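J.: Okay, here's the structure, questions in a sec.
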Amino acid sequence: MVIYSVLVAENVSHCNETISQPDVERSASTVQPSCSTTTKTPSSPTKVSKISILHLQNHDYRKSGGGKGLALVGATVAGAGGVVGYSYVDPEFRHKVEVTVPGAEQVLEAVLGKSNLDKTKKEIKEAVVAAVPKKKEVLPPLELAPLPPVLPKEPVHVDPIDVRKDVTPIVAKPSPDVVVAKNKQLEDRLKIAIHSAEGKVRIATEAKLKTINAINEHAAVLKQTVDDAKNANWENVTAALQRAEAEARVDSGQEVDGRNYIDNLRKIVNDGKKDSTTATNPLLLNAQETANKLTHQLDEINALVNKVSSSTQNLIIQKVFQSRQESAVLNQYKDLIEKSRQQFALEMKSILPNVDVHAKVRVGEEVGKPFKKKEWFGDKKGNWKPEKRKEKRLKDKNLNEEELNALIAHAHLKVDQLRRQLSDQQVREELHISKALEEQRAADERIASEKLSIEMSRVGLQKELEIERALVESRSSWEGELEDKLKRTASAHSEHLEQVIRTQRQLFEIEQNQKVEEAVLKERGLHSKQVGAALSRLAGIEEALGSRVALDNENRRAKQFWIACHNLIDTLKHGNKAGNNIDERRLPLNESLNLLKEVSVNPEDEFVTAIIGSFPTQATTVGTYTEQDLKNRFEQLYKVGRKTATIDENGGGLGAYFWSYVKSIFLVDMPRQYSELDAIDVNNADNYEILSRAKQYVHNGDLDKAIRVVQLLKGQPAHLAHDWVLDTRAYLESRLLAQLLVAHAAVSSIRSTY
């Protein structure tokens, strides 16, 4: 759509060079045919005109937000769109573009469809055949005059030429000095690059070793801290971890630098191989081998760092888990002992209900014998405490032999149960150990696979280097054999050229006869094409004459639409001329807009519908003030504004109004002339200057600038000018829309003129 708008804008500007404004009374014969032909586009004329005007209306917005890049993209798109649009109109031009520009045939076929050039030629041919009267078919065929006899020519004497003297080599070999200089320069660059790469790799290796030492130190500190839980100092662990991370960051940067230097060395080697003068330099292979070794060295040290880091991480996880488990066991130890004792008491109570489980006897005392003065007994927590009390016997709570036997049997059962639990726990621990071994085996396999891939990469690079070395060694012998073959081929080619020169004379005569026949056929085809073109033009003239009535009707409606648009502008400017005051002179635009819809060239014109729908509601229902009434209102606004120029937004008392009025009386209103180049200082401009400038613009009829200046007023004058600004803006919006309708009517009139 943007492409069509650009084309229409160009055509309208071209037509406006001849026609400044649409003349209602101008006849069709005075209009140049170029305007009517160039404005034909594949889409409907009304839609194209609408898009062109909208495109011009939004030009400022795009210009302000685009920049040079957008302008370049727009120009490219416009050019490509122009080519596509003209290819749609002219099949001959499309055929030329498809032949000249590679890939244009697929693009045009995707956008416009298949070319109808062959179809057009076929239609022209059928029209030519149909237009030829049948009476001419009975005419005898034209008699072709016999060609003049070919006169014998004198034999052309050709002097033998030694072609081998003029044969020059296709690629000139450079001089030995140039070859030596380039090889010397390449060797110097390679030596510098190798030295730099080795230094960087050595620094990176040292940094990697420092990282490994830092990781091992962190693992040792962590292990020591976990093992010595009572005197653990986790700050040392954190410091060791920070040192390890710092060393890791340093060695990563050094590794990147080293690999960059290795890549630079490889780039120099590749550049030397691409140059024919330095491709056989033996230092290239040595430099490439050095680059491979340095890369392998970095890969090996990286694998070592990863291995140490992985093992350290596993150790950290194991130690942390172990410490957590031991801490949990220590915290729950007392609770577990208490629960086990309670469980044992319940079991004994179920077996021996009359036995006091908490009763204790000293070792060596028999049951039933009296204790000494100090009696030892056990409390509920299993602690032995002496107490001084009177001697007494354990009556019903003493254990007899049967109860002791039952207690011993139960203890044996409990021991067996605990042994079974211990064996189960050992089995579970063995499973845990086997699982840990499997994980360690998987980690070892991963590290081994990484080492294997690094070694395979090294072997592959070494193999490629050996192949290149073998190729370099064999290249000299290949080049010697190739030179011998080229010499033999050049000799055979020279003999062949001599044979060709001898036969050129015979072939020349045959080609001349063929050219004569082709020229005759070409003239016949040109004549047929001219006849077909004449018939096509005749058909076009007949079609134009047949559509003349439709064009007349369209042109008449365009003129009526143009007159209605001017009536709308006159209504906006003068309003109701019979009104006695400014409110009675306001005339609603509904009737004028409905009339525009009725007399429009195309009742379904989306542009006209959009413009009519854009009119302010105040203009369509109540109407706008006329331009003269707005000027008269501004005179009143100017007088009142000067009287209240010093009043701010918050108003003021009677004294402030009196002082503003007195100041306006003593300030002489001297007429001043402001030029368009005079800038307005928005921060320092007072209301008197703003009103003076606005008055000049109003007297000059430039309400656009006047309304912009009035909006700079401050305080009470700004409040007084608010209604005037709204009414003037509604008038300017309505006038702009009416002018757009007039422009659209002018374009429609020019387009419909033939």
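The values are calculated or read from the model by the stated rules, or taken from the named source; none is laboratory data. Every value quoted in this text rests on a predicted model; they were computed, and no experiment measured them. Backbone-built Cβ (ideal geometry, glycine too); neighbour counts: all protein chains shown.
J.: Is there any pair linking a residue in the range 272-287 that is over 17 Å from I194 (Cα atoms) to one that is part of a loop (DSSP other than H, G, I, E, B) and of a type outside the set (D, E, K, R), with Cβ under 6 Å and at least six apart or on different chains, and which?
T.: These pairs meet every condition: T277/P174.
J.: Consider only pairs whose beta carbons are under 8 Å apart and that are at least six residues apart or on different chains; among these, list those whose first residue lies in the range 531-547 and is in a helix (DSSP H, G or I) and whose second residue is surrounded by 10 or more Cβ atoms within 10 Å (Cβ to Cβ) and among the hydroxyl-bearing types (S, T, Y).
T.: A544/Y754
J.: As an exercise: evaluate L712 against (1) of a type in the set (A, V, I, L, M, F, W, C); (2) loosely packed, with under 14 Cβ neighbours inside 10 Å; (3) more than 30 Å from T609 (Cβ to Cβ) and give the number of the one condition it does not meet.
T.: Exception for L712: condition (2).
J.: For A564, all conditions in the list (1) crowded, with 18+ Cβ neighbours inside 10 Å; (2) small (G, A, S); (3) not assigned by TED's automatic domain parsing to the domain that holds E733 hold save one; what is the number of the exception?
T.: (3)
J.: Give me the residue from the range 206-215 that is touching a helix residue (DSSP H, G or I) at 6+ places or on another chain (Cβ under 7 Å) and under 18 Å from E300 (Cβ atoms) and, out of that set, surrounded by the fewest Cβ atoms within 10 Å (Cβ to Cβ).
T.: Result: K210.
J.: In the list E523, E554, which residue meets the criterion of being without any contact (Cβ under 8 Å) to a residue 40 or more places away in the chain and either assigned to a helix (DSSP H, G or I) or among the aromatic types (F, W, Y) (or both)?
T.: None of the other options fit; the residue is E523.
J.: Then there's this: Got a sec? Which of Y688, Y731 is touching a strand residue (DSSP E or B) at 6+ places or on another chain (Cβ under 7 Å) and not hydrophobic (A, V, I, L, M, F, W, C)?
T.: Unique residue meeting the criteria: Y731.
J.: Then there is this: Going through the range 587-627 one residue at a time, which ones are in a loop (DSSP other than H, G, I, E, B), buried (at least 19 other Cβ atoms within 10 Å of the Cβ) and hydroxyl-bearing (S, T, Y)?
T.: S600, Y625, T626
J.: Examine the range 240-247 for a residue that is crowded, with 16+ Cβ neighbours inside 10 Å and under 19 Å from N302 (Cβ atoms), and state whether such a residue exists.
T.: Yes: one or more hits.
J.: Let me ask you something else. Hey, could you check the range 447-463 for residues that are basic (K, R) and farther than 14 Å from N302 by Cα and say which is nearest to the chain's Cα centre (by Cα)?
T.: Among residues in the range 447-463 that are basic (K, R) and farther than 14 Å from N302 by Cα, the one nearest to the chain's Cα centre (by Cα) is R458.
J.: State which residue pairs qualify: first residue surrounded by 13 or more Cβ atoms within 10 Å (Cβ to Cβ) and inside the range 628-654, second residue of a type in the set (K, R) and modelled with pLDDT of 80 or more in any location, beta carbons under 6 Å apart, and separation of 6 or more residues or different chains.
T.: Every condition considered, the pairs that remain are Y638/K695.
J.: Does the range 557-586 hold any residues that are of a type in the set (V, I, T) and part of a helix (DSSP H, G or I), and which are they?
T.: Once the filter is applied, which keeps residues that are of a type in the set (V, I, T) and part of a helix (DSSP H, G or I), the range 557-586 yields I563, I569, T571.
J.: Go through the range 228-259 and give me each residue that's in contact (Cβ under 8 Å) with a residue 60 or more places away in the chain and assigned to a helix (DSSP H, G or I).
T.: Result: G258, single match.
J.: Check whether at least one residue in the range 677-696 is in a helix (DSSP H, G or I) and farther than 13 Å from Y638 by Cα, and report yes or no.
T.: Within the range 677-696, not a single residue is in a helix (DSSP H, G or I) and farther than 13 Å from Y638 by Cα.
J.: Consider H218 against the criteria (1) out of contact with any helix residue (DSSP H, G or I) (no Cβ under 9 Å at 6 or more places or on another chain); (2) farther than 20 Å from L298 by Cα; (3) in a helix (DSSP H, G or I): it satisfies all of them except one. Which criterion is unmet?
T.: (1)
J.: Restricting the search to the range 209-233, which residues are of a type in the set (K, R) and modelled with pLDDT of 85 or more?
T.: K210
J.: Quick one: which of A204, A291, A197, A279 is under 17 Å from L461 (Cβ atoms) and either in contact with a Gly (Cβ under 8 Å, 6 or more places away or on another chain) or basic (K, R) (or both)?
T.: Going through A204, A291, A197, A279 in turn, just one is under 17 Å from L461 (Cβ atoms) and either in contact with a Gly (Cβ under 8 Å, 6 or more places away or on another chain) or basic (K, R) (or both): A197.
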